[in-house]
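Step one of this worksheet: look at the structure below.
The values are calculated or read from the model by the stated rules, or taken from the named source; none is laboratory data. Not measured: the values here are computed from a predicted model. With ideal geometry, Cβ positions are generated from the backbone for all residues, glycine too; neighbour counts draw on all protein chains shown. Accessible surface is based on the protein model in full, side chains and every heavy atom, while ligands, DNA and RNA are left aside. Shrake-Rupley method; radii C 1.70, N 1.55, O 1.52, S 1.80 Å.
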Amino acid sequence: MPGCTRAQFALREYRLTGFGGPVLSTGVSPRPILTGLSLDSNVYHAVSRAAGVGFLVEGGLYHPALSGTANYYGSVDAIVAGDGDAKLRPFGVAGYTRLFNATSSSIGSTDAINFGVGVDRVLRDDLWLRVEVRDMYTPVGDAHALAVRVGLVGWGSVE
């Protein structure tokens, strides 16, 4: 039908990103540097491919360790992203994060939510530069950790 928007469910492309950047925290225990890896993919596309909805999983480290041996986290997010064929690809993410603090005798953990926006910029066909701002909000303690993240994105296709 003319003028009708149709959609497709398909795993078409994926992006693997290595990132890092400074963190501004309102919590009592600042963690000034964040590094990590993420994998994201759109699974729902408009026929025009102007936008897609998908998932993002990531994990990383906060540096330096607050106490003990390590501070690390894992996240599962929804992502809404622009067209992968354009030179700039804006996106927004939101989801669940689990924060961990490992000591020599135990591992403590905290629940958080995260949300953010960013843009990917093409450097060459399969390599992009990512710049984003992400906030991890921990309801227990009412703390925010606002990260400015910069990374390199490897782009691939499953078609």
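Key figures
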item: Accessible surface, the range 74-159, averaged per residue in Å² (probe 1.4 Å); result: 51 Å²
item: For the range 69-151: span of alpha carbons on each principal axis (Å, largest first); result: 48, 24, 18
item: Carbon plus sulfur fraction of accessible area for the range 87-159, probe 1.4 Å, in percent; result: 63 percent
item: Segment K87-H63, extension gain: residue separation times 0.36 nm, minus the distance between their alpha carbons; result: 5.4 nm
item: 9 Å beta-carbon shell around A147, net charge (K/R +1, D/E -1); result: 0
